[in-house]
Amino acid sequence: MSASAGSTTSKRPAGEPTLRVMPMPSDVNYNGDVFGGWIMAQVDIAGGVHAARRAGGRVATVAVNSFVFKMPVLVGDVVSFYTKLVRTGTTSVTIEVEVFAERLIHEPEKTSLIKVTDATLTYVAIAQDRRPRQLPPSNEPA
Ligand SMILES: CC(C)(COP(=O)(O)OP(=O)(O)OC[C@H]1O[C@@H](n2cnc3c(N)ncnc32)[C@H](O)[C@@H]1OP(=O)(O)O)[C@@H](O)C(=O)NCCC(=O)NCCS
């Protein structure tokens, strides 16, 4: 499947638009596509922002539960990271991160988004001593 074909969607992603960024030429691998590690770092940041908001402060990433690279990301894509809270425990928060690319430079005539990555990560609320702390009550309606 070509980089521009496939998993396009006209639907808006379900989660919150937490992060939007454009990869630069320094972010590519020898194939000319954006490094998986670059995408993983941005996913961790986006999930961490959502988790820290729910945790009311500092969090640490404890686990990457799943991570699927569905389509390549190209330099010049506008890459958006949508986050959704999927589970809370006593000290932990699990966040789903869906990543969509807009081919603004390569295919400016297309307005569709391409789903490029899907991931789920768990974060732990931590105190100053870096040990787990209990989550505060949620402000969301039950
Ligand atoms: C995060 C950390 C403080 C947790 O400490 P810990 O002693 O392992 O904590 P616990 O065993 O009490 O588990 C804390 C929570 O994490 C969850 N957890 C632990 N391991 C997990 C795993 N592999 N997957 C999913 N959740 C996990 C536990 O279920 C628990 O959740 P709950 O309180 O909601 O039930 C510690 O593991 C740590 O410092 N890890 C390094 C973090 C780091 O450097 N991350 C990268 C940069 S941010």
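Condition first: assigned to a loop (DSSP other than H, G, I, E, B), at pLDDT 90 or above and not hydrophobic (A, V, I, L, M, F, W, C). Now tell me which residues in the range 1-29 satisfy that. Scanning the range 1-29 gives GLY15, PRO23, ASN29. There is at least one residue in the range 112-121 that is modelled with pLDDT under 95, over 21 Å from PHE35 (Cβ atoms) and surrounded by fewer than 16 Cβ atoms within 10 Å (Cβ to Cβ). Screening ARG131 with (1) within 16 Å of the ligand (Cβ to nearest atom); (2) more than 16 Å from PRO23 (Cα to Cα); (3) within 15 Å of the chain's Cα centre (by Cα); (4) charged (D, E, K, R) gives one miss only, at (3).
The condition of being closer than 25 Å to PHE67 by Cα and either touching a Gly at 6+ places or on another chain (Cβ under 9 Å) or surrounded by fewer than 20 Cβ atoms within 10 Å (Cβ to Cβ) (or both) holds for only one of ALA101, ALA125, that being ALA125. Scanning the range 112-139 for residues that are closer than 22 Å to TYR82 by Cβ and either touching a Cys at 6+ places or on another chain (Cβ under 7 Å) or among the acidic types (Asp, Glu) (or both) yields one hit, ASP118. Residue count for the range 48-93 satisfying the condition of being part of a helix (DSSP H, G or I) and within 8 Å of the ligand (Cβ to nearest atom): 1. Within the range 90-128, track down each residue that is over 22 Å from the mean Cα position of the chain (by Cα) and of a type in the set (D, E, K, R). Selection gives GLU107, GLU109, LYS110. Scanning the range 30-48 for residues that are in contact with a Pro (Cβ under 8 Å, 6 or more places away or on another chain), modelled with pLDDT of 95 or more and among the acidic types (Asp, Glu) returns no hits.
The values are calculated or read from the model by the stated rules, or taken from the named source; none is laboratory data. Everything quoted here is computed from the prediction, not taken from an experiment. All Cβ positions, glycine included, derive from the backbone under ideal geometry; neighbour counts span all protein chains shown.
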